[in-house]
Structure formats: C-alpha cells, structure tokens
Amino acid sequence: MNNCPIGVFDSGVGGLSVFSKLVDLLPNEKYIYFGDTLNLPYGDKTKEQLIEISARIFDFFKTQNVKAVVMACNTTSAVTYDILKSKYNFKIYPIVQNVSKCIADKNYKKVGVFATNATINSHAYKKQIQLYNHNTEVFEIACPEWVNIVEQELQQNTKSKENIKQHLDEMLKNNVEKVILGCTHYPYLLNVLSEYADKELFINPAKAFAQHIKSDLENSELLSDKKEKETKFYVSANPKQFISAAKLFYDVNEAEEISL
Ligand code: DGL
C-alpha cells in the first residue's frame, strides 16, 4: 500500500497550488493529478452535479489503486466530502475541513473568505471555523469570475483587475484581519491582490493543508519507502491551455486528455 500513488484533483490548475506544496513536503511519493477542465467552473454547479462529478473522479482513482485522494478543491470538499467519504476505502483529504482548525487556532476576531458560489452558499468555512472557535466572525464573499480569469490567464487584463479590486474593497469594509483564499485557483491572483492590499493579509491554505496530509500519512505509516518522484497529469479537456496556465505554480511537461 505504501508505494501506491496519491491522487490529487481539482477542476483545473487550481489544485496545483496545493500539489506544489505537497511535492515540496513529500518528494518521494508517486502522484496522479486530475484537472477536470471539461467541467470547470465547479463553483457554478449544483450539489447533484458536484456529487456525480466527484464520485466519477473517486472511481477513477480507485482504478489507479491510490492510497489516498487529496481534494485540492474547496468546492467539492465543501459540498461532496460528507456524502462520499465513507464510500471508498482509501484516505480522503478535504481542504476546507483539514485547514479550518488551523485557522480557528489563530483566534482571529474577524476573518474573510473569498471562494466560489457553491463554497460560499454551503457556508463550509464559517461552520468549520466556528466549530473550533466561536469567537471568530467569518465574512464570506463569492468571486465567481476568478476561476476563469486564472484558467484563461487573464490576470493582467483591466476588466479582471477591476473585478478583483471590487471584491476586495467589499471585503475590506468588514475590517477583517485576514482573508482566506478559499478556492485553490485564487493564489494565482496573489500578485494582483497585493497591488491593492498587503500580501500578508491573504491566507493561502495550501501549506497548512500539505502539512496536515504529511503528518497524517506519517502517523498512519503510509509514506512511500521508495524514491519514485513520478507524477502523471490527466485533464478532461484542453491540455495545452492547462499546461500554459499551470506555470505560475508548477511546470507541467505533459498532460494526457482522458474522459471519465
Ligand atoms: N479550485 C476549486 C476550488 O477550490 C474549484 C473552482 C471552480 O472550478 O469553480 O473551489
């Protein structure tokens, strides 16, 4: 089991912001990354659609004999994890649930969350953080345009910047101490966000998430005992655009297009 691969998925390049941290911390693992570019943006899908999509991805990873699946996607973690978690016999790591305790432990008075429509409508971050800390007030704002801005590499486009600034201005009215980038695509916007606010304002949960996964695999004695360093990238559409948009977080040399 130890030398089986770890599956990582997201709707597109967003999950690479997590994957890159995972590879830093666990360089000797074998990985399979799936970017569901045919179905993005996940944030505008219904709960039923997201359950069906997630189940299909978990089934694919099952055929690949994975030892664990990393949900490097806030939207599916928020909406589908609770429903699917007991249906598979490998470990499943959902980003929202795995990082919320860490954020709650910081004891912030006011924290903001930028995320997709589906994540915000689920109130998953608010519920999970307040489960551990009732004193943290959580302000949630949906930024549905941001995933496409990242996937199409439109970060420097004037309209994109206006949109980003508008959401940020709205958030700053709440006097938050920190803003969680609650969609794995959003760290690709950090350069633009930090033109309008201190970079330190933003929390990219990827590192804390990767650390959690590392220690849990360690505690479960599931770390690889080989030095394989092998990653296979799959996408459900547009491999060239995926490789191009990925480069801010990871140099993907090859991505195979598959349909699940
Ligand atoms: N990057 C994903 C997330 O963290 C999905 C974004 C989307 O496709 O809407 O929520």
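Just so it is clear, none of the values below were taken in a lab; they were calculated from the coordinates. These numbers were taken from a predicted model, which means no experiment stands behind them.
State whether one or more residues within the stretch 52-65 are of a type in the set (A, V, I, L, M, F, W, C) and within 21 Å of TYR186 (Cα to Cα).
No, the conditions are met nowhere in the stretch 52-65.
Just to be sure, is TYR125 of a type in the set (Phe, Trp, Tyr), over 17 Å from VAL192 (Cα atoms) and over 18 Å from the mean Cα position of the chain (by Cα)?
No.
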